[in-house]
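Asker: Submitted below is the structure of interest, expressed as structure tokens.
The values are calculated or read from the model by the stated rules, or taken from the named source; none is laboratory data. Everything quoted here is computed from the prediction, not taken from an experiment. In this analysis, Cβ positions are derived from the backbone assuming ideal geometry, glycine residues included, and neighbour counts consider all displayed protein chains.
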Amino acid sequence: MSHKQFEKRILDDSPLSEGERKVLVAHLESCEQCRKLKTGWENSLQLMHSTQPVQPAAGFTARWQIKLQQEQRRKRIVRMRVIVMSSIFLLLISLFAYVLLSGSLNEFLANVITFSTQALLVMTRGISTITTFIDEIPALLRWSLGVFLVGIANMFVILLAFILWKARQNQKEWQRAEIYAEK
Ligand SMILES: [Zn+2]
């Protein structure tokens, strides 16, 4: 058998008889070119069988879109915060500049003091009214009312503590969101 025939046999998929196979093996041992052809051919066959078209994982596009939306939302929130903070800052600066430039700082302070004094007066009057009112309440009821008010005050303190704690928690979350958005 010639070398060319062996090449044909290597590239042919049809099964070989026991005798044909033995002859081919014997030729392969002596012919390096056919050995290379055989391994090359087998490798390409293997490659064709194992290679399948690459498809994106299910839901990949949807996941990617959700991620993109989250990212945009975070950026929007951060932008909003920057706008609000700058507005407040600008407002304060303008107010301060106005007070300074118009020379009405004294007037401004006077107004503030007057307002505070009046507020204090109203509060004092209110308290004295309440005190008079309390004096007229029987002692037992007064004590119950006192305990009740202390209880409510405690509740407010606890509520305030909770709100402060929650605010801190939110702030931490915000900071994390900002760090994430900046990335
Ligand atoms: Zn050969």
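Asker: Quick check on Ile130: is it assigned to a helix (DSSP H, G or I) and modelled with pLDDT of 85 or more?
Answerer: Here the answer is no, as Ile130 does not meet what is asked.
Asker: May I ask you to verify whether Phe162 is more than 29 Å from Leu95 (Cα to Cα), among the aromatic types (Phe, Trp, Tyr) and in a helix (DSSP H, G or I)?
Answerer: Considered against the rule, which asks whether it is more than 29 Å from Leu95 (Cα to Cα), among the aromatic types (Phe, Trp, Tyr) and in a helix (DSSP H, G or I), Phe162 comes out as yes.
Asker: List the helices (runs of 4 or more DSSP H) that sit entirely inside segment 1-86 and contain at least 1 residues that are more than 30 Å from Tyr180 (Cβ to Cβ) and more than 16 Å from the ligand (Cβ to nearest atom).
Answerer: Values: elements: 3-11, 18-30, 32-50.
The helices (runs of 4 or more DSSP H) meeting that bar are 18-30, 32-50.
Asker: Report yes if some residue within segment 137-156 is assigned to a loop (DSSP other than H, G, I, E, B) and either in contact with an Asp or Glu (Cβ under 6 Å, 6 or more places away or on another chain) or free of Cβ contacts under 8 Å to residues at least 12 places away in the same chain (or both); otherwise report no. Can you show your working first?
Answerer: Within segment 137-156, the first condition is being assigned to a loop (DSSP other than H, G, I, E, B), and the residues that meet it are 137-138.
Of the ones still in play, those that are also either in contact with an Asp or Glu (Cβ under 6 Å, 6 or more places away or on another chain) or free of Cβ contacts under 8 Å to residues at least 12 places away in the same chain (or both) are 137-138.
Within segment 137-156, one or more residues are assigned to a loop (DSSP other than H, G, I, E, B) and either in contact with an Asp or Glu (Cβ under 6 Å, 6 or more places away or on another chain) or free of Cβ contacts under 8 Å to residues at least 12 places away in the same chain (or both).
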